[in-house]
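Here the structure comes first, spelled out in structure tokens, and everything after it is commentary.
The values are calculated or read from the model by the stated rules, or taken from the named source; none is laboratory data. What you are looking at is a predicted structure, and each value in this text was computed from that prediction instead of being measured. Cβ atoms come from the backbone with ideal geometry, glycine included; neighbour counts cover every protein chain shown. The area values use the complete protein model at the heavy-atom level, side chains included, leaving out ligands, DNA and RNA. Shrake-Rupley method; radii C 1.70, N 1.55, O 1.52, S 1.80 Å.
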Amino acid sequence: MTIKLSSPNNEFHSFIEDHLDLQVKISYTDHHDFLIRHGIQNCSRVLDVGTGNGTFVVRLAKDHPGINFVGIDKRSQCVERCRSLVTNNFEAIQVDMFHSNSSFDFSNFDGILMRYFFLHVDHAMKILALLKRVAKRPSTIWIIDLDWSQFHCEPRSEVFDKLTSLVKDFCSKISKETLGGQNVLPLLEKLDFRNIVVERTPFSTRTIPIEELVLYLRQETICYSRMSGRPANDSETTEILRFVDEEVSSGKFNISYGMILISAELSI
């Protein structure tokens with residue numbers, strides 16, 4: 001698969017859509033199992049914060065027809081995309097959590113999902129404090145995000161280290177408080193969330209078909225390179241892509257691409 005980093009915005013948006021769909025394809029079973037282990041089936045209404053293209057939450061809605069799901073996002077194009085995914089127990093609403101005129105009622109939900117949400121925000125503590133203040137009691141919050149402390153390559157590769165640095169660089173600029181999901185746990189503890197459970201289920205050459213993981217890592221490299229403002233034909237990006245296409249695909253390396261899964265509760 002080839003894509004130019006200088007491609008027009010609409011082409012890049014389409015590329016992102018494909019990447020999000022692949023992300024759901026390779027992670028849904030593990031992430032759904034995590035949600036089951038931590039009580040989603042006991043909820044009546046679940047909120048998906050930063051719902052994006054809605055692919056993940058729509059699968060949840062189909063698997064749990066007795067639960068009403070609502071996805072919120074402040075980006076109108078995401079909400080319109082979600083509204084095209086027809087299912088009886090899911091709706092998408094455009095919401096800016098901190099807009100002065102927002103009247104969205106978070107207390108209507110006994111489950112709140114934030115999947116790859118903190119990766120894209122720089123005010124995680126403010127968001128968690130808001131949910132702590134206004135969410136329903138009791139309720140459960142689930143957080144699924146990147147954890148680059150769990151990025152590993154065996155045997156070690158300097159090029160894989162460059163991929164890790166590319167992700168870390170993006171996180172350090174965009175999700176300053178959490179660095180993706182890496183620093184969410186101390187924020188939850190500081191806010192006195194209860195019954196916090198942490199699991200790490202990385203995307204791995206040991207658990208995911210190699211051709212799917214190779215495609216995922218290729219797409220991740222292009223995404224972070226583009227979103228970090230690197231120029232077209234960036235030499236380091238090209239080097240990482242070559243490593244993924246030739247070295248990782250050959251099976252010479254065992255790759256772990258870190259994910260952190262957190263469940264926490266708000267009690268009465």
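Structure notes:
- Cα centroid of the stretch 95-150 to Cα centroid of the stretch 53-83, whole Å: 16
- Accessible carbon and sulfur surface of the chain relative to its total accessible area, %, 1.4 Å: 47
- Accessible surface ranking that places the most exposed of ASP48, ASP30 first, with a 1.4 angstrom probe: ASP30, ASP48
- Net charge over other residues, Cβ less than 15 angstrom from the Cβ of VAL214 (K, R count +1; D, E count -1): -2
- Per-selection Kirkwood Rh - the stretch 157-229 (Cα, Å, 1 d.p.): 14.3
- Candidates PHE253, PHE203, PHE117: whichever shows maximal mean-square fluctuation once the chain is modelled as a Gaussian network with Cα springs under 10 Å: PHE253
- Rule-of-thumb Rg ratio for the stretch 109-268 [Cα; 2.2 N^0.38 Å; N residues]: 1.14
- Per-selection Kirkwood Rh - the stretch 107-194 (Cα, Å, 1 d.p.): 14.1
- Dipole magnitude of the stretch 116-268, debye to nearest 20 (Cβ charges: Lys/Arg +1, Asp/Glu -1, about Cα centre): 780
- 1.4 Å probe accessible area per residue over the chain, in Å²: 46
- Cα-based shape type of the chain, given that a ≥ b ≥ c are square roots of the gyration tensor eigenvalues and the cut on a/c is 1.5: prolate
- Whole-number Å³ per residue for the convex hull built on Cα positions in the stretch 32-95: 69
- Virtual spin-label span in nm between ASN88 and GLU211, 7 Å along Cα→Cβ: 3.7
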